[in-house]
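Working notes, structure below.
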Amino acid sequence: MHAVGIVLLLVVLATTVATFAQRLRVPAPSLLVLAGLGIAMIPGVPALHVPPQAIALVVLPPLLYASAEELSLRDLRTVWRPVTVLSFGLVFASAAAVGYAAVALTGLPPAMAFVLGAVLSSTDPVAVTALGRRLALPGRVQVLVQAESLFNDATSLVLFKVAIGIAVAVGGTVNLPAAGGQLILLGGGGSIVGAAVAGLVWLVRRRTTDPVLETVIALITPYAAYVLAESAHTSGITAVVIAGVLLGRSGHRLTDAHSRLQLHAVYAVVVFLLESVVFSIVGLELPTLVRALPAGTGWWPLQALALAAVLIAVRVIWTLPLTRAVKPTRGRLSWRVAGVVTWAGTRGVMPLAAALSIPLTADNGSTLAGRPLVLVLTTSVVVFTLVVQGLTLAAVVNRSGLALEPEHTAREEDDARDALNRAALDHVDHLATLEVMPDTAVDRVRRGLTARLDHTPETPDGTTADTAYRQLRHEVIAVQSTELHRLYDEHRISDTTRRRLQQDLDREEAALGTR
């Protein structure tokens, strides 16, 4: 009952904080972390201990799945090379740099310093996606940051397992061939499981017309991918990401407008609740972990700041040469792009869950030295990135000049709407020449489309929408949806515009009722 009460309290807290975040125009995750910190420091508040298995199994799969569904597969194809470099090279470089810095600054044993480096080596997809939703970044930059955070899990997880093996084993050594095989097993095996789950779900959803069943299938898909992959001793997170990317690209072909609108609404609520709880937990955990620190570790705040600075510096060095692939600048490297990509690479829930899963004792039964300090430093760096980088990310993007102006987005949407209406009007004119539809239905649809092209309000004629009219409107919406995806495939509109216009078409089709 105590755990249920805490969850309900976090939901109420999250709703309140999210309301203020919208009014203040700041990221809700940053305020949630601060709110969690504030509550945890109130005298008499009980200590919070969250099992890492609960975060990994209950919270992460749906959040990762939602992030992966938002990833533009078209834009991913254009930045797969820098994403690969960041997902492998930057993870190794960050782990090594943090490990060396931790040995020099904190006095941690080298094995535990390597564990800390592995934990902090990758960015967090949940935090990155949550912070990036409100930024108008160019498509390639947004996809680069989001895809890197989604695909660097397998690399960092292998590093973490290797580091833990060395830390708990007396006289342990690094077996590079075994580590390479484990990386292939985790990443490759997880990808295979994720693709298989996506294929199976695709077959089932194509034969399902009940919106309730559609919603249930969509909700259990990430959990199925995660559990199956973990049972096969591969990366469950990689499986969830692959399943989300594949199903997100074909989602408009699997369901009708009613189901898509219901799925969008349900998942928006689920994501909001889970993100709210998990970011609050980050803030609530830190004071509890600090109280468990042994004597002589009072310099941890400065040590955490230094490690965060090391992560940022390494990220800038690795990101800068890749800016040509993201935003060509006539042979010159772009510090602005590198700065935005670096500042958007926050740490979050996944490093915290990994740190909490560090064993308490070594193989010989002795206490694992340095574990409390690793937990505190990990949580402190996570809080720093979520609060400092999260609250200032919008300002960094605006100062960089990369942010898309609201006028640009509105103009792109207006041009796309005109293209859809012109395609629909051509289809209606073609049907009129074939005389396969009643003239009254054709005239009503034509008047509505013409009014939209002229940007004048539609004037209803007061007649009842008959069967022929509804059938023609459904057919016109199908033509517009096809035209919308053609514009997207030809790189004439962004993924954000495609999603917004598709949702408008879904609302319009749902309002018409059944055929």
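The values are calculated or read from the model by the stated rules, or taken from the named source; none is laboratory data. What you see is a predicted model; the values in this text were computed from it and never measured. No Cβ is skipped: glycine too gets one built from the backbone with ideal geometry, and neighbour counts run over all protein chains shown. All accessible areas refer to the heavy atoms of the entire protein, side chains included, with ligands and DNA or RNA removed. Shrake-Rupley method; radii C 1.70, N 1.55, O 1.52, S 1.80 Å.
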Problem - Accessible area of residue 491 in the full protein assembly, 1.4 Å probe (Å², nearest 10) - result: 110
Completion exercise
Magnitude of the Cβ-charge dipole (Lys and Arg +1, Asp and Glu -1) of the chain about the Cα centre, nearest 20 debye, reported as 1360
Exercise for the section: Order the peptides 300-308, 190-198 from the highest to the lowest mean number of other Cβ atoms within 10 Å of their residues. Expected result: 190-198, 300-308
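Calculate, for residue 216 and residue 11, the FRET efficiency according to 1/(1 + (r/R0)^6) with r their C-beta to C-beta distance and R0 25 Å; round to the nearest 0.05.
Here the calculated transfer efficiency is 0.70.
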Practice task
Please work out how much length the chain gains when fully extended from residue 256 to residue 471, using 0.36 nm per residue of separation minus the C-alpha to C-alpha distance, in nm with one decimal.
Solution key: 75.9 nm
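Please state the relative contact order of the chain as a whole percent: Cα pairs under 8 Å, 6+ residues apart?
21
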Practice task
State the answer as a single residue: which of 35, 263, 427 lies farthest towards the positive end of the charge dipole of the chain, with beta carbon charges of +1 for Lys and Arg and -1 for Asp and Glu, about the Cα centre.
Solution key: 35
Handout entry: Ranking by accessible area, most exposed first, for 279, 88 with a 1.4 Å probe
Key = 88, 279
Practice task
Calculate how steeply helix 236-249 sits against the longest principal axis of the alpha-carbon atoms of the chain, using the helix alpha-carbon long axis, and give the answer as 0 to 90 degrees to the nearest 10.
Solution key: 20
Practice task
Report the calculated FRET efficiency for residue 309 and residue 80 (r = Cβ-Cβ distance, R0 = 30 Å), to the nearest 0.05.
Solution key: 0.50
Fill in the blank from the handout: For 489, 429, the accessible-area ranking with a 1.4 Å probe, largest leading, is 489, 429
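For 48, 386, write out the residues from largest to smallest accessible area, computed with a 1.4 angstrom probe and no ligands counted.
48, 386
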